[in-house]
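Asks: Pasting in a structure now, in structure tokens, and then I'll have a few things to ask.
Nothing in this text is a laboratory measurement; each read-out follows from the coordinates by a stated rule. Note that the structure is predicted; figures quoted are calculated from it, not measured. Quick reminder, even Gly has a Cβ in these numbers, built from the backbone with ideal geometry, and neighbours come from all protein chains shown.
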Amino acid sequence: MNWGKSLSEFREFNKTFQIIHQTKTTSDTSRLFILDSSFNPPHLAHYSLVKTSIDYEAYKNDRNCSTVLLLLSISNADKADGEPASLEQRIDMIILLAEHITKSLGLPAAVALTSCPKFADKCKAIQNHSRELALPKSRLTFLVGFDTIIRILDQKYYTSPMSVALRDLFQDSDFLVLTREDKKYSIQYQLSYVKQLHAGSLKAIPNDWASRIYMVVNDNLLEADISSSAVRSDIKNGKLHWQEKTIPEIATYIKEKSPYIKL
Ligand SMILES: Nc1ncnc2c1ncn2[C@@H]1O[C@H](COP(=O)(O)OP(=O)(O)OP(=O)(O)O)[C@@H](O)[C@H]1O
Ligand SMILES: NC(=O)c1ccc[n+]([C@@H]2O[C@H](COP(=O)(O)O)[C@@H](O)[C@H]2O)c1
């Protein structure tokens, strides 16, 4: 499908959120699992965030009424987005991930665009479109890696105090956080950060926010170490093992369309 027209309309009308694909429609969602990313490309750790969340104890009662939302963020809070693949190709790949999620995990999956870089605004934008997602009774769960939760909870992104800037976000949603290999933060640091969070020792973060942040350690070292930039770099450098870092449908797409050029 040619996504150029949808993307130019999205930009021209200054939209903040738009659903562009649903694997199957649903009339009753009690929990929406949201994975926000630039999906450049989607990879196994993205899939793992979804799988971890639906198996997670706190969400078990919602298992049969959950929907996954794959949210393509077309602007980023930290970086300009000049790198391939094109947004059109990324949408193709996200749809392959959505179909894979529905096939393997049985949940409906929707794909949407957002122009909001920050999670507080993404949350509002989604709620404003709750009818299209059959959301009236649902709660929102954002699926993020450790590097993302730590930035959501960083005052530098906000002009008002965090207690104000993030109040609605934490009132309406919770967070499933997966550890990841990170040059800056050791797994030990990630665990101790969340421990301090739950003990109430991080001053700027109220206890009821902390109680909405669930952390899962990813024991799968291959997944914990994956990033989209590493996949792109492996492809450019001719390292074949990039194929093990994404789902087979996306590996086939990348081989056929060469969005990252050297194969
Ligand atoms: N290996 C991973 N383990 C846990 N979470 C991850 C992993 N890779 C990505 N995520 C999380 O998935 C979400 C979307 O990730 P994003 O696509 O920005 O990450 P990325 O793979 O690091 O991309 P890039 O390398 O292009 O910066 C973020 O919340 C990020 O923390
Ligand atoms: N304070 C925030 O809400 C905040 C901070 C940093 C990144 N983000 C967002 O997190 C997502 C992932 O960002 P990266 O691709 O930089 O890991 C993007 O949508 C980005 O805009 C949000």
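Asks: Kindly write out, for the range 251-259 in residue order, the coupling ³J(HN,Hα) from the Karplus curve 6.51 cos²θ - 1.76 cosθ + 1.60 (θ = phi - 60°), rounded to whole Hz, with x marking Gly and Pro.
Replies: In residue order, the calculated couplings are 4, 5, 4, 5, 5, 6, 9, 6, x Hz.
Asks: Quick one: length gained pulling Ala230 to Cys65 fully straight, 0.36 nm per residue minus the C-alpha distance?
Replies: Result for the pair: 55.9 nm of gain on full extension.
Asks: Let me ask something else. Per 10 Å bin, what percent of the C-alpha pairs of the range 82-183 does each bin hold, from zero upward?
Replies: The distribution over the range 82-183 is 12, 35, 40, 12, 0, given as percents.
Asks: Build a GNM of the chain with springs between Cα atoms under 10 Å: which of Ser186, Ser48, Ser173 gets the top mean-square fluctuation?
Replies: Residue with maximal mean-square fluctuation among Ser186, Ser48, Ser173: Ser186.
Asks: Under the 0.36 nm per residue contour assumption, what length would be gained going from the current alpha-carbon distance of Lys15 and Leu202 to full extension?
Replies: Taking 0.36 nm per residue and subtracting the Cα distance, the gain is 63.7 nm.
Asks: Turning to a different aspect of this structure: Compare Gln243, Gln171, Gln188 in a GNM of the chain, Cα atoms joined below 10 Å, and give the one with the largest fluctuation.
Replies: Gln188
Asks: Now, a different point. Compute the relative contact order of the chain as a whole-number percentage, counting only Cα pairs closer than 8 Å that sit 6 or more residues apart in sequence.
Replies: Once divided by the residue count of the chain, the mean separation gives 24 percent.
Asks: Provide the FRET efficiency to the nearest 0.05 for the Leu221-Asn2 pair, computing r from the beta carbons and using R0 = 35 Å. List each step's numbers first, then the result.
Replies: On the way: r = 39 Å, r/R0 = 1.12.
Efficiency at R0 = 35 Å is approximately 0.35.
Asks: To continue, here is another question. With all pairs of different alpha carbon atoms counted, what Kirkwood hydrodynamic radius in Å does the range 145-263 show?
Replies: One over the average 1/r among Cα pairs gives 16.6 Å for the range 145-263.
Asks: Quantify how much of the Cα-Cα distance distribution of the chain extends past 32 Å, in percent. Provide the component values of the computation, followed by the final result.
Replies: On the way: 6672 of 34453 pairs.
It works out to 19 percent of all Cα pairs.
Asks: Another one. Could you give the dipole magnitude of the chain about its Cα centre, charging the beta-carbon of Lys and Arg +1 and that of Asp and Glu -1, in debye to the nearest 20?
Replies: Values: 33 positive and 30 negative charges, 49 e Å.
That gives the chain a dipole magnitude of about 240 debye.
Asks: Apply the Karplus parameterisation 6.51 cos²θ - 1.76 cosθ + 1.60, with θ equal to phi minus 60°, to every residue of the range 37-54 and state each ³J(HN,Hα) to the nearest whole Hz, in sequence, with x for glycine and proline.
Replies: 6, 8, 6, 10, x, x, 9, 5, 6, 4, 4, 5, 4, 5, 4, 4, 5, 6
Asks: To check you understand DSSP bridge types, tell me what percent of the beta bridges within the range 4-257 (both residues inside) are antiparallel, rounded to 5.
Replies: Of all bridge pairs located within the range 4-257, approximately 15 percent are antiparallel.
Asks: Next question, about the same structure. Pick out which of Asn237, Asn76, Asn64 has the largest mean-square fluctuation in a Gaussian network model of the chain, springs linking Cα atoms closer than 10 Å.
Replies: Maximum fluctuation in the GNM of the chain, among the listed residues, is at Asn237.
Asks: Taking a label point 7 Å from the Cα of Glu99 along the Cα→Cβ vector, which residues of the range 239-261 have an amide N closer than 16 Å to it?
Replies: 247-257
Asks: While we're looking at this one, here's another question. If you only keep lysine pairs separated by 8 or more in sequence, or across chains, how many in the range 191-263 come under 23 Å at the Cα atoms?
Replies: Going through the range 191-263 pair by pair, I get 11.
Asks: Next question, about the same structure. Give, in nm to one decimal, the length gained when the segment between Ala165 and Ser27 is fully stretched (0.36 nm per residue of separation minus the Cα-Cα distance).
Replies: The Ala165-Ser27 span can extend by a further 46.5 nm.
Asks: Hey, what does the equivalent ellipsoid look like for the range 1-53, semi-axes from the Cα gyration tensor as sqrt of 5 times each eigenvalue, largest first, whole Å?
Replies: Taking √(5λ) for each Cα gyration eigenvalue gives 24, 17, 11 Å.
Asks: Cα to Cα, under 17 Å, and not fewer than 8 places away if on the same chain: which lysines meet these conditions relative to Lys124?
Replies: Filter leaves Lys15, Lys137.
Asks: Okay, next question. Give me P(r) over the range 178-231, computed from all C-alpha to C-alpha distances, binned every 5 Å, as integer percentages.
Replies: The percentages, shortest bin first, are 4, 19, 24, 21, 15, 10, 7, 1.
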